[in-house]
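Trainee: Right, I'll just put the structure down here and ask away after.
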């Protein structure tokens, strides 16, 4: 099975990657494609919270940094790991990638919780869920424990 | 680190043989998304929206019936500057734009900082001017709410839209550009219709007003260029998408310069149509001058319908351009925070929306302050806010444009390969002279604009000092502590 692990450079996307690794059977997964999508018209086309290093105005370097970090999670796990950087609208590109690679699963992170998540619709994870050609694993942050 | 990057760039894989296909995968190389055609429309939309709808009246007042000359000359200077941008973008295809070029050419931190802050200030003033322009057109639809409130709500909506991230759509950008162009085509058709009726007095097209405040024709035209120049700006924002343009060496020069030339032709035709159909005095007195052309009722369509349609088109045009400026400001602040020259909070990315929300809301707040202050002081100064802020934008941008051309010349022979686009050198020198001449006149004509420039640059200065005294070194490039990211 070809699995797509999407990253938007957020820590939650790293958690999603680790979550996949925590339960999936590496002998069943043939290939992993780590996909980052650069959004050319957004204020910050790609923000990388995952790797060290400054951006010198290059959002491609930022996307590469995030993809490298996520790919690092699966290093030595078994499946072949591809790193892909795409450009355009995040949800569209993830879905397109899934079709192109004939993916069996898409792993995305969703939400930091809080007000903005409850009020605003149209997030990438939601759109991926709606239109994906295969099952989608949406990894949400664990709720904070009440004391 | 550097070696890794180099390896990545050349697609030669890395130490881990498993992680192959870094660059050259089965997608056929790096997947970029902006085509030459989209870049053309991005340029055109960005340039056309800023000003022609707002500033025609001012320019007509300064020059007289021949104000198309001002648009023609202004767009020429801008297109030459655009060719310098095109050359630099093909060498350094990154989003940072002018700051990056200045840094490469001079390597002087203070100058780079000043350029960046000037660009930020210009962008903020432009947003202010556009928001004010929006409110004057909006009043045609519904004049009950006070203009200041309309501007502020407009600004707030755009900030929220940017926060949510709807600005990502290239398709929407193209659609809005089509609408923009259609509005100007209505003006042109009106002009042609008028000529066909045989009522046109072509003498007005060579009429330069020498009785006004400028006295001689050369100064009157120069004043017109200075006022119209706001309508030429916006093309510098195309650097935003430089990195994501397919085959930038080929597409960037072509799309950028063609976009400017098409914008120039549209401007000249629209100015001629406006001059022919509406008395210059009426244009000069109108806050939404192009609307006067439609109101003449020359076209055999209900005037009320045309006015409403045209107003909506103008509002969309202004919105399109303002969106780009609203997107650009937080990007600049984000870049500066990463460089540790302004406080690190501006590099804060919203966890779900992935937008630099503090930088975004801060920029919005500064523009809102500009609008409020500008509405309080015009009684004292006697200059309308839209004109004031447009001039501030122009003054700052002209200085940057001249500097960018200098950078372009200074960086000749560096980082070039056979694919690098080369702008015409004599034209570049002409461009420096042109930009400085307009800059000189703008300052001479309205020295108060320098105060506004200084105030806006001061915002950058304050942020720098805040970072210098209270900031943590390295907020921008802090090594993330990833151990706390739980897998489950």
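Each reported figure results from applying straightforward, stated rules to the coordinates on display, with no laboratory input. What you are looking at is a predicted structure, and each value in this text was computed from that prediction instead of being measured. Note: ideal-geometry Cβ built from the backbone for every residue, glycine included; neighbour counts use all protein chains shown.
Trainee: Most fluctuating residue of A:89, A:58, A:33 in a GNM of chain A with Cα springs under 10 Å: which is it?
Mentor: Comparing A:89, A:58, A:33 in the GNM, the peak value goes to A:58.
Trainee: What distance in nm separates the two pseudo spin-label positions at residue B:424 and residue B:296, each 7 Å out from Cα along the beta-carbon direction?
Mentor: Computed distance between label sites residue B:424 and residue B:296 equals 3.3 nm.
Trainee: What is the extension gain from residue B:454 to residue B:199, computed as 0.36 nm multiplied by their sequence separation minus the C-alpha to C-alpha distance, in nm to one decimal?
Mentor: Details: separation 255, 0.36 × 255 = 91.80 nm, distance 4.89 nm.
So the extension gain works out to 86.9 nm.
Trainee: Would you mind giving the mean number of other chain beta-carbons within 10 Å of the Cβ of each residue in A:60-70, as a whole number? Provide the component values of the computation, followed by the final result.
Mentor: Details: counts 9, 5, 1, 0, 6, 2, 0, 3, 6, 2, 0.
Whole-number average of other-chain Cβ neighbours for A:60-70 is 3.
Trainee: Related question: Highest mean first, what order results for B:335-343, A:73-81, B:411-419 on Cβ atoms within 10 Å?
Mentor: Highest to lowest by the protection proxy: B:335-343, A:73-81, B:411-419.
Trainee: Using only Cα atoms, locate the centre of segment B:375-438 and the centre of segment B:61-112, then give the distance between them in Å, rounded to an integer.
Mentor: Taking the Cα centre of each part, segment B:375-438 and segment B:61-112 sit 5 Å apart.
Trainee: How much length is gained if the chain between residue B:361 and residue B:466 is pulled fully straight, taking 0.36 nm per residue apart and subtracting their Cα-Cα distance, in nm to one decimal?
Mentor: Numbers: separation 105, 0.36 × 105 = 37.80 nm, distance 1.80 nm.
Result: 36.0 nm gained on full extension.
Trainee: Moving to a separate point now. If you count, for every residue in B:239-250, the Cβ atoms of partner chains within 10 Å of its Cβ, what is the mean? Walk me through the numbers before you get to the answer.
Mentor: Working: counts 1, 5, 4, 2, 10, 9, 2, 1, 0, 0, 0, 0.
Average neighbour count from other chains, rounded to a whole number: 3.
Trainee: A further question on this structure: How many nm separate the modelled label positions at residue B:213 and residue A:27, each set 7 Å beyond the Cα in the direction of the Cβ?
Mentor: About 8.4 nm, to one decimal.
Trainee: Right, another one. Between residue A:126 and residue A:75, with labels modelled 7 Å along Cα→Cβ, what's the label distance in nm to one decimal, could you check?
Mentor: About 3.7 nm, to one decimal.
Trainee: Which order do peptides B:450-463, B:74-87 fall in by mean Cβ count within 10 Å, highest first? Show your work: numbers first, answer last.
Mentor: Numbers: B:450-463: 16.7, B:74-87: 25.3.
Descending mean neighbour count gives B:74-87, B:450-463.
Trainee: What FRET efficiency comes out for the pair residue B:436/residue B:144, r = Cβ-Cβ distance, R0 = 35 Å, nearest 0.05? Can you show the working numbers first?
Mentor: On the way: r = 45 Å, r/R0 = 1.29.
Computed FRET efficiency for residue B:436 and residue B:144 comes out at 0.20.
Trainee: Based on the mean of other Cβ atoms within 10 Å per residue, sort peptides B:259-266, A:134-141, B:140-147 so the most packed one is first. Don't jump to the answer; show the numbers that get you there.
Mentor: Numbers: B:259-266: 20.6, A:134-141: 17.4, B:140-147: 12.1.
In descending order of packing, they fall as B:259-266, A:134-141, B:140-147.
Trainee: Just check chain A against the gyration tensor rule for me: Cα atoms, a ≥ b ≥ c as the square roots of the eigenvalues, rounded for a/c under 1.5, and otherwise prolate or oblate depending on whether a/b exceeds b/c.
Mentor: Working: a/c = 1.26, a/b = 1.10, b/c = 1.15.
Rounded, since a/c falls under 1.5.
Trainee: Continuing with this model, one more query. Going by a ≥ b ≥ c, the root eigenvalues of the Cα gyration tensor, does segment B:171-281 fall in the rounded group (a/c under 1.5), the prolate group (a/b larger than b/c) or the oblate group? If you can, show how the numbers build up before the last one.
Mentor: Numbers: a/c = 3.02, a/b = 1.62, b/c = 1.87.
Since a/c reaches 1.5 but b/c is at least a/b, the shape of segment B:171-281 is classed as oblate.
Trainee: Tell me the angle of helix B:248-277 to the major Cα principal axis of chain B, expressed in degrees between 0 and 90 and rounded to the nearest ten.
Mentor: The two axes meet at around 20 degrees.
Trainee: Okay, next question. Compute the helix-to-body angle for B:170-196: its Cα long axis versus the longest principal axis of chain B, expressed 0 to 90° and rounded to tens.
Mentor: On a 0 to 90 degree scale, this one is about 20.
Trainee: With the Cα gyration tensor of the protein assembly as shown in hand, give its eigenvalues times 5 under a square root as the equivalent ellipsoid semi-axes, listed largest first in whole angstrom. Present the calculation step by step, with values, prior to reporting the outcome.
Mentor: Values: eigenvalues 418, 128, 111 Å².
They are 46, 25, 24 Å, listed from largest to smallest.
Trainee: Over all pairs of distinct alpha carbons, what does the Kirkwood formula give as the hydrodynamic radius of segment A:1-42, in Å?
Mentor: Details: mean 1/r = 0.0881 Å⁻¹.
The Cα-based Kirkwood calculation yields 11.4 Å.
Trainee: Answer rounded, prolate or oblate for segment A:1-81, using the Cα gyration tensor with square roots of eigenvalues a ≥ b ≥ c: rounded when a/c is under 1.5, else prolate when a/b is larger than b/c, else oblate.
Mentor: Values: a/c = 2.41, a/b = 2.18, b/c = 1.10.
Prolate.
Trainee: What 222 nm value per residue comes from the helices of chain B, counting each DSSP H run with n ≥ 4 as -39,500 (n - 2.57) and dividing by all residues, nearest 500 deg cm²/dmol? Could the numbers behind the result be given before it?
Mentor: Details: 18 runs with 330 residues, N = 488.
Result for chain B, helices only: -23000 deg cm²/dmol.
Trainee: Also: Taking 25 Å as R0, compute the FRET efficiency from the Cβ-Cβ separation of residue B:171 and residue A:100 and round it to 0.05. Write out the running numbers ahead of the final one.
Mentor: Values: r = 20 Å, r/R0 = 0.82.
Computed FRET efficiency for residue B:171 and residue A:100 comes out at 0.75.
Trainee: Over the whole of B:343-354, what's the average partner chain Cβ count within 10 Å per residue? Rounded to a whole number, please.
Mentor: That works out to 6 on average.
Trainee: OK, next. What's the angle, to the nearest 10 degrees (0 to 90), between helix B:357-376's Cα axis and the longest principal axis of chain B?
Mentor: 30
Trainee: Counting other beta carbons within 10 Å of each residue's own, what order do B:137, B:267, B:214, B:468 fall into, fewest first?
Mentor: By the 10 Å Cβ count, ascending: B:468, B:214, B:137, B:267.
Trainee: 222 nm [θ] for chain A, helices only, -39500 (n - 2.57) per DSSP H run of 4+, per residue, to 500?
Mentor: On the way: 5 runs with 52 residues, N = 147.
Value at 222 nm, helices only: -10500 deg cm²/dmol.
Trainee: Kindly put A:69, B:127, B:132 in sequence by how many other C-beta atoms sit within 10 Å of each C-beta, fewest to most.
Mentor: Working: A:69 22, B:127 32, B:132 28.
Sorted ascending by nearby Cβ count, the order is A:69, B:132, B:127.
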